[in-house]
Amino acid sequence: MLKIENLHASVGGKAILKGINLEIGTGEVHAIMGPNGSGKSTLSNIIAGRDGYEVTQGSITYKGKDLLAMNPEERAWEGVFLAFQYPVEIPGVNNTYLLKAGVNAKRTHQELEELDAMDFLKIVKEKAKLVELDQSFLSRGVNEGFSGGEKKRNEIFQMAVLEPSLALLDETDSGLDIDALRIVANGVNHLRSEERSVVMVTHYQRLLDYIQPDVVHVLADGKILKTGDKSLALELEERGYDWVREEAAA
Ligand code: ADP
Ligand code: MG
Ligand code: MG
């Protein structure tokens, strides 16, 4: 699904990613953990195609294609989805309308017929139920006046409707209460399939109790310093990150 080789990137002339190598197989769920400021959001944003980043070296291959040569909309049409660490409010743009435009743009790209309002509403209602999002949120402005947890849940709702091939979740669990965390995890687990891959950026092992990752990576100082299985997340929770840095330096 995704292959990142020797990726170097900078923001405003400052080097942030310093040689990332990462391979994500189809159907796999990976967790990326790491200290604040290590480049996790930078990596997620670069994969999704957000501007403001300069890739100075390396490559990203997605479904066999050069991802960095694609613009953000093409990436989305091809099934890349990013749940933002800080979801933006878009006042005046209806939540359902935005999603309908997104779904139909993707369908047009796949040479499928656009969904009509009735069919779309059916899907939206079903997915809203899945993430226990009250119907009233469907007709509100995108994230307009939503609480922090509601914004995160809305990201998962968008993901459920768009059914991406590669879902990147940037700290979707941060700031969620226990119930919201379970709901977000349900949404991700529902999406989990042999055709899809998920990358979860998280600080907390707690999320990984609900969504069992196949692989856990530690990103620190712009590099993947260690890769392991689920037990690595437990070890990090217990021991922090310094030992990983020391081990990598040695
Ligand atoms: P993480 O998500 O791992 O906490 P980020 O990828 O958000 O880390 O940030 C990595 C580093 O890049 C930080 O030092 C951050 O301050 C810096 N950075 C990110 N975006 C910008 C920007 N637009 N301008 C300047 N520095 C930035
Ligand atoms: Mg952070
Ligand atoms: Mg971040």
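On a 0 to 90 degree scale, rounded to 10, what angle separates helix 95-109 from the longest Cα axis of the chain? In the chain, helix 95-109 runs at an angle near 80 degrees to the longest axis. Maximal additional length on extending the A69-E194 stretch stands at 42.4 nm, based on 0.36 nm per residue less the C-alpha distance. Based on Cα atoms of the chain, Rg over Rh with Rh as the Kirkwood radius reads 0.96. Per atom type, segment 108-227 shows carbon and sulfur on 47% of its accessible surface, probed at 1.4 Å.
The alpha-carbon atoms of segment 1-54, seen along their principal axes, cover 35, 22, 19 angstrom, with the largest extent given first.
Based on protein heavy atoms only, segment 35-177 ends up with 49 Å² per residue of surface accessible to a 1.4 Å probe. A simple spin-label model places the labels of T56 and K129 5.2 nm from each other, with each point 7 Å out along Cα-to-Cβ.
So what does log10 I(q)/I(0) come out to for segment 117-172 at q = 0.20, 0.22, 0.24 Å⁻¹, using the Debye formula with one equal point on every Cα and no solvent? Scattering profile of segment 117-172, log10 relative to I(0): -0.74, -0.89, -1.03. Net charge dipole, segment 50-209: roughly 220 debye, given to the nearest 20, about the Cα centre with Cβ charges of +1 for Lys and Arg and -1 for Asp and Glu. For segment 1-113, the spread of Cα positions along the three principal axes, ordered from largest to smallest, is 42, 33, 26 Å. Calculated accessible area for segment 188-250 comes out at 52 Å² per residue, all protein chains present (probe 1.4 Å; ligands, DNA, RNA ignored).
Calculation over all alpha carbon pairs of segment 150-216 in 5 angstrom steps from 0 returns a P(r) of 4, 17, 34, 28, 14, 3, 0 percent. Rounded to the nearest whole angstrom, the semi-axes of the ellipsoid equivalent to segment 105-250, taken from the Cα gyration tensor as √(5λ), stand at 33, 18, 13, largest first. Projecting the Cα atoms of I32, S44, Y97 onto the charge dipole of segment 19-101, computed from C-beta unit charges around the Cα centre, puts Y97 farthest toward the positive end.
For D177, the solvent-accessible surface with a 1.4 Å probe is about 90 Å², rounded to the nearest 10.
The values are calculated or read from the model by the stated rules, or taken from the named source; none is laboratory data. Since the model is a prediction, treat every value here as computed from it, not as a measurement. Cβ sites come from the backbone with ideal geometry, for glycine too, and all protein chains shown count toward neighbours. We work out accessible area using only protein heavy atoms, side chains counted, and drop any ligands, DNA or RNA first. Shrake-Rupley method; radii C 1.70, N 1.55, O 1.52, S 1.80 Å.
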